[in-house]
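Only one structure is covered here, and it is reproduced in the block below.
The values are calculated or read from the model by the stated rules, or taken from the named source; none is laboratory data. Here the structure is a predicted model, which is why all the values come from computation and not from measurement. Heads up, the Cβs are rebuilt from the backbone with ideal geometry, glycines too, and the neighbour counts pull from every protein chain shown. Side chains are part of the model used for accessible areas, which takes the heavy atoms of the whole protein and leaves out ligands, DNA and RNA. Shrake-Rupley method; radii C 1.70, N 1.55, O 1.52, S 1.80 Å.
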Amino acid sequence: MTLAEASEGVRKKALSPVDLTQACLRRIDQLNPALNAFITVTADAALAQAHELAAEVQRGQWRGPLHGIPIALKDLIDTAGVRTTAASAIFADRVPTEDAEVVRRLKAAGAIFLGKLNMHEFAYGDTSAQSHFGPVRNPWNRDYVSGGSSGGSAAAVAAGLCYGALGSDTGGSIREPSAFCSIAGLKPTYGLVSTRGVVPLSWSLDHIGPMCRTVSDAALLLQPIAGYDPQDVNSIDASPPDYAKAMRRPVSSLRLGLPRAVFYEKLDPEIEQAVAEALKVLAQLTASARDVELPKYERLPVVGAEAYAFHAPYYTRTPELYQPMTRRRIEGGAGITAAAYIQGRRELERLRRAVGTVFSTVDLLITPTTPVFPQTVQEAIAEPSTPPTGGVAIDLRNTQPFDIYGLPTISVPCGFSRSGLPIGLQISGPRLGEPAVLALAQAFEQATEWHKKRPPL
């Protein structure tokens, strides 16, 4: 079942939150040993929540679409009384005393928490093979990675271990694993969803967003977590619309932009073919498509500097506890000067303003989510310390710019390789353009069958 289907079943009292939770826990027991998607499973607490929420339903109380729905959280999102490790030995026994703001909101919405999901250590990578708790494996082919850094979230959703999950995205960490695992993953507008209570990689670029089997599920999971958090300095004072309603807008008048420079270059031939077919589908759904150019930029030192600033107390005390590749990346941030960082932050703000002009002639941007297929787990464990594209891993090349621009963007399934590996299509919009992004993503989803395929588990 999708999250939306399960939600409707709970609302109509045809399904019990207890039954849904027990079904997910059985599937976790069955499949997690092979996938390694969960670090911590909170079975007893989840069942206790389920019984409480089931009793509310029987009393005629219904909190909304997430009432009684089992979900899971990337293990850098703080949960009071439940360890939050960021997949690192540094935090292996860390138990927060307060919930992250997104957790507080999801609890109020009636979501049930199944546990914490595996990830690339401290979100500083693209494979989820570098984890203190071992690599996450792709449900479509366990020899391959599920992507990173939200690899456990993507694998758990694709394999049906939960009805939805939260991931984080600093350079593509929601969208790349969503593409690799054939699910829908949305990175919202920067600042729309609070990051307070989330272990940071880069305060200036971190985003939190939903990862689900369908676009409508992602909209339902986004709804309660979106909106202003006065205690988060990066939060924007925006009033979210009803996303489920807003995304039902017609898409026939939408003008599409194709940033062919960089984004469409050096694609794997099978990805190139799948995206070409997807563009034909979109041409039937929308008004027009034209080539566009996005603001260019050089590599910004922001992530490296901010990551080092957060990790310095731990790195200087116990560097040996980090995964070797994480340690090398943190070391790289130590040499960034204050002047270079300040210039990088100014350039980041310039780019976030400049990109708005692109949307004077188009409404949404369409690109492949990734130019390549995932690595094998074995290849990822032996990953070179310096990515081959001057600091950005090739599989994040198409996703990272939208973290820089701070724009809403979603990856949806658009095909498979001949060997059965998923392919993702990326749809991006202007600042706070989530309704249009979701609307076109859902229209494409409904016009194709890719989201209906399930991994051969």
- Message: How far apart, in nanometres, would the label points at Ala382 and Val233 be if each is projected 7 angstrom from Cα along the Cα-to-Cβ direction?
- Response: 4.4 nm
- Proximal lysine pairs, the chain, alpha carbons under 16 Å, eight or more residues apart or interchain: 4
- Message: Using the crude model of +1 on Lys and Arg Cβ and -1 on Asp and Glu Cβ, and no other charge, please compute the dipole size for segment 124-206 relative to its Cα centre, in debye to 20.
- Response: 140 debye
- Task: Please report the relative contact order for the chain, taking Cα pairs under 8 Å with a sequence separation of at least 6, and give it as a percent rounded to a whole number.
- Result: 17 percent
- Item | Total formal charge among the other residues, if their Cβ is under 15 angstrom from that of Pro33, Lys/Arg +1 and Asp/Glu -1 | +3
- Calculated [θ] (222 nm, deg cm²/dmol) that DSSP helices of n ≥ 4 give over the chain, each run adding -39,500 (n - 2.57): -11500 deg cm²/dmol
- Per its Cα gyration tensor (rounded if a/c is under 1.5, else prolate when a/b beats b/c, else oblate), segment 116-239 is best filed as oblate
- Item | Assigned charges on the beta-carbon of Lys, Arg, Asp, Glu; segment 362-457 dipole about Cα centre (debye) | 220 debye
- Answer with one residue from Leu258, Gln273, Val362: the one whose Cα lies farthest towards the positive end of the charge dipole of segment 254-404, charges on Cβ with Lys, Arg +1 and Asp, Glu -1. Val362
- Item | Dipole of the chain, positive end: most advanced residue of Ala48, Gln442, Met325 [Cβ charges, Cα centre] | Gln442
- Message: Let me check I've understood the local charge: for Arg290, count other residues with C-beta under 12 angstrom from its C-beta, Lys and Arg +1, Asp and Glu -1. What total comes out?
- Response: -1
- Message: Using the crude model of +1 on Lys and Arg Cβ and -1 on Asp and Glu Cβ, and no other charge, please compute the dipole size for the chain relative to its Cα centre, in debye to 20.
- Response: 600 debye
- Message: For segment 119-189, what does the accessible surface come to per residue with a 1.4 Å probe? Please give it in Å².
- Response: 11 Å²
- Query: If we sort 417-426, 56-65, 247-256 on the protection proxy, mean other Cβ atoms within 10 Å, highest first, what's the order?
  - Reply: 417-426, 247-256, 56-65
- Query: Let a ≥ b ≥ c be the square roots of the eigenvalues of the Cα gyration tensor of segment 237-358; is it rounded (a/c under 1.5), or, if not, prolate (a/b larger than b/c) or oblate?
  - Reply: prolate
- Identify which of the listed values of Rg/Rh (Cα atoms, Kirkwood Rh) was calculated from the structure shown: [x] 1.29; [y] 1.06; [z] 0.94. [z]
- Everything considered on the Cα gyration tensor (a ≥ b ≥ c; rounded for a/c under 1.5, else prolate if a/b is larger than b/c, else oblate), segment 405-449 must be described as oblate
- Query: If you roll a 1.4 Å probe over segment 139-217 with all protein chains in place, what percent of the accessible area is carbon or sulfur?
  - Reply: 47 percent
- Message: Going by average Cβ density within 10 Å per residue, which order do the peptides 108-120, 41-53, 142-154, 361-373 take, highest to lowest?
- Response: 142-154, 108-120, 361-373, 41-53
- What is the P(r) of segment 297-367, as percent of Cα-Cα pairs per 10 Å bin from 0? 18, 35, 24, 17, 6, 0
